[in-house]
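Note sheet for the following structure.
The values are calculated or read from the model by the stated rules, or taken from the named source; none is laboratory data. Small disclaimer: the values here were computed from a predicted structure and weren't measured. As a convention, Cβ positions derive from the backbone with ideal geometry for all residues, glycine included, and neighbour counts pool all protein chains shown. The accessibility values were calculated without ligands, DNA or RNA, using every heavy atom of the protein model including side chains. Shrake-Rupley method; radii C 1.70, N 1.55, O 1.52, S 1.80 Å.
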Amino acid sequence: MEIKKVFIAGAGLMGSGIAQVCAQAGLEVILCDVGPEVLEKASKNIAWSAGKLIEKGKTAGPLEAVMGRIATTTDYGRASEADLCLEAAFEKLEVKKDIFARLDAVARPEALLASNTSAISISTLAAGTKRPEMVLGLHFFSPAPMMEAVEVVRGQFTGDEVFEAGRRFVLQIGKEPILVHKDVPGFLINRINFPAALEAMRLVEMGVAGIEDVDKGLRLASGRKMGIFETGDLVGLDVTHGALLAIYEETKDPRWYPPAVLRRRVQAGWLGRKTGRGWYEYGPDGTRLGPTKA
Ligand SMILES: NC(=O)c1ccc[n+]([C@@H]2O[C@H](COP(=O)([O-])OP(=O)(O)OC[C@H]3O[C@@H](n4cnc5c(N)ncnc54)[C@H](O)[C@@H]3O)[C@@H](O)[C@H]2O)c1
């Protein structure tokens, strides 16, 4: 199962980052989203980020060669060209199920089908296809071009060879595979990190501390590069909200239910850096202005 061409469904923060990583590693990429504007924005972001990495000598150029390996499309039919189809769309079960059905209809029988979901069950997505043994989780972290680990998640039906092919693919693109042998809600790293994030949100909700002090404390006392709320704004509050809801739906354990401080911001469309407002408010040039209140 050698991977030479990757079809990526979803060209947002993660899909575009993963496309960049694959193209930098010499793979051909077909990046798919719902409309040309999103794809144009994704191409611009990739060119900017890959350009910076080439300038710093962190990846091989020229930029034209990297960009030349990325084709963009709105046509799912092109998934038939790929050895690996990777879904990186909204963290919503219905959206992902629909994408998996489309991929299943056109992908080659030997192609791997993967999801970059943060918390939706890989087994549930696999069960909706006619080839559940070909489905696995490949969970990248944000920003994909910088973060070195990728979780390789074995769903209930994932074949041994498919799991191994996923591990080899992660090495092929220059990342470190983290093997997750069971499809538990939140997989491994989110499963460990989310309880801390939830506790931070609840402490803010209770008025025990402000957002800035929580982040400052975590940076200065816990050796983190970024605080929980700073990271949350990069990830996207909708993404965290969707992932927590997915874990809650799966477990029905109320400790995973998104706290009101998060729900209110998502309802207001305050989704983090991408909307200029989330846990913090940002100026037009991306400068952080101060915490938001909701
Ligand atoms: N943001 C993070 O830090 C992060 C980290 C790891 C995993 N993830 C997961 O990655 C996935 C994507 O997250 P993101 O942050 O890139 O979200 P995003 O909102 O930046 O991008 C999602 C993209 O999916 C596109 N899309 C929606 N429906 C589609 C369809 N039917 N076909 C093709 N494209 C479609 C949207 O137009 C959008 O461009 C989610 O499942 C999320 O949980 C996110």
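Quick rundown of the values:
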item: Failed item in (1) under 16 Å from the mean Cα position of the chain (by Cα); (2) buried (at least 17 other Cβ atoms within 10 Å of the Cβ); (3) among the hydrophobic types (A, V, I, L, M, F, W, C), with VAL95 passing the rest; result: (2)
item: Pair list, Cβ < 9 Å and 6+ apart or interchain, from the stretch 197-224 residues that are outside the structural domain of HIS241 (by TED's automatic domain parsing) to residues that are of a type in the set (D, E, K, R) and open to solvent by 70 Å² or more (accessible area, probe 1.4 Å); result: none
item: Unmet criterion (only one of (1) within 14 Å of the ligand (Cβ to nearest atom); (2) part of a loop (DSSP other than H, G, I, E, B)) for ILE99; result: (2)
item: Residue match in the stretch 39-61 (condition: under 20 Å from the mean Cα position of the chain (by Cα), in a loop (DSSP other than H, G, I, E, B) and exposed (fewer than 14 other Cβ atoms within 10 Å of the Cβ)); result: no
item: The stretch 158-179, residues that are open to solvent by 30 Å² or more (accessible area, probe 1.4 Å) and within 16 Å of the ligand (Cβ to nearest atom); result: GLU176, ILE178
item: Matching residues, the stretch 237-265, being within 12 Å of the ligand (Cβ to nearest atom), of a type in the set (A, V, I, L, M, F, W, C) and touching an Asp or Glu at 6+ places or on another chain (Cβ under 9 Å); result: VAL239, ALA243, LEU245, ALA246, ILE247
item: Hey, VAL34 surrounded by fewer than 16 Cβ atoms within 10 Å (Cβ to Cβ), among the β-branched types (Val, Ile, Thr) and outside any helix (DSSP H, G or I) or not; result: yes
item: Enumeration of residues in the stretch 124-157 that are open to solvent by 10 Å² or more (accessible area, probe 1.4 Å) and either among the β-branched types (Val, Ile, Thr) or away from the ligand (no atom under 16 Å from the Cβ) (or both); result: THR124, ALA127, THR129, LYS130, ARG131, PRO132, GLU133, MET134, ARG154, GLN156, PHE157
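For (1) assigned to a strand (DSSP E or B); (2) modelled with pLDDT of 95 or more; (3) closer than 30 Å to GLY155 by Cα, each residue gets a yes or a no:
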position: PHE194; (1), (2), (3): no, yes, yes
position: LEU198; (1), (2), (3): no, yes, yes
position: GLY207; (1), (2), (3): no, yes, no
position: ASP213; (1), (2), (3): no, yes, no
position: LEU218; (1), (2), (3): no, yes, no
position: GLU250; (1), (2), (3): no, no, yes
position: GLY286; (1), (2), (3): no, no, no
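Condition check ((1) within 16 Å of the ligand (Cβ to nearest atom); (2) touching a Ser or Thr at 6+ places or on another chain (Cβ under 9 Å)) across all residues:
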site: MET201; (1), (2): no, no
site: VAL204; (1), (2): no, no
site: VAL208; (1), (2): no, no
site: ASP213; (1), (2): no, no
site: LEU218; (1), (2): no, no
site: ARG224; (1), (2): yes, yes
site: PHE229; (1), (2): yes, no
site: GLY232; (1), (2): yes, yes
site: VAL235; (1), (2): yes, yes
